[in-house]
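**Q** One structure follows; several queries about it will come next.
Rule-based calculations on the coordinates, nothing more; no lab input. Since the structure is predicted, the reported quantities are computational estimates derived from the model, not experimental observations. Note that we place each Cβ from the backbone using ideal geometry, even for glycine, and neighbour counts take in every protein chain shown.
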């Protein structure tokens, strides 16, 4: 089992990176959270999990031990494979996933692409005693602060979808949205500003 790989990020894809180590390129499936914290050309240590099936040999990896630990927990749930595990960790960060599970919030969990209400409830039921504690989880105000962050992420996801529907790839869309202050702006205003920046770029 490969526990981690240190190397240079030579390429970032929509849901993967290629990490070079000793003149070998490792194709590593990863989450949007990890991708957002990596840049091509930088050195990184990626914690990995090797997924083996009869006809599949795939490597999954993340920047933090916490993220890969959560990924491993998620895929122990019956009906949740690596693809769904990545979807969860691309929608929410690890602490948010914990908060959702500990608060029995199946509605928030079911907002993950590809995860329906039945699967969301199963994730919460099976992992509630396995995800550990979240500091101050009993304080509702902090929980709702966390949910506000979730909603912001969902808004960005909607904006990315809107831009990709216009012919731009996800990385172009995400990069240009990072350069825009989206507060107090309508979706149309943000998209217009994004299109101007993309065309100028």
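**Q** How big, in percent, is the set of alpha carbon pairs in the stretch 49-137 lying more than 22 Å apart?
**A** 21
**Q** Hey, another quick one. When a footprinting reagent is the concern and you count Cβ atoms within 10 Å, what order do 70, 24, 109 take, fewest first?
**A** 24, 109, 70
**Q** To make sure I understand, if each residue's beta carbon is the centre and we count other beta carbons within 10 Å, what order do 124, 101, 52 fall in, fewest to most?
**A** Neighbour counts put them in this order, fewest first: 52, 124, 101.
**Q** What is the extension gain from residue 83 to residue 179, computed as 0.36 nm multiplied by their sequence separation minus the C-alpha to C-alpha distance, in nm to one decimal?
**A** Additional length available on full extension: 31.7 nm.
**Q** For the stretch 1-63, state what percent of all Cα-Cα pairs lands in each successive 10 Å bin, counting from 0 Å until the bin that includes the largest distance.
**A** With 10 Å bins starting at 0, P(r) equals 24, 59, 16, 1.
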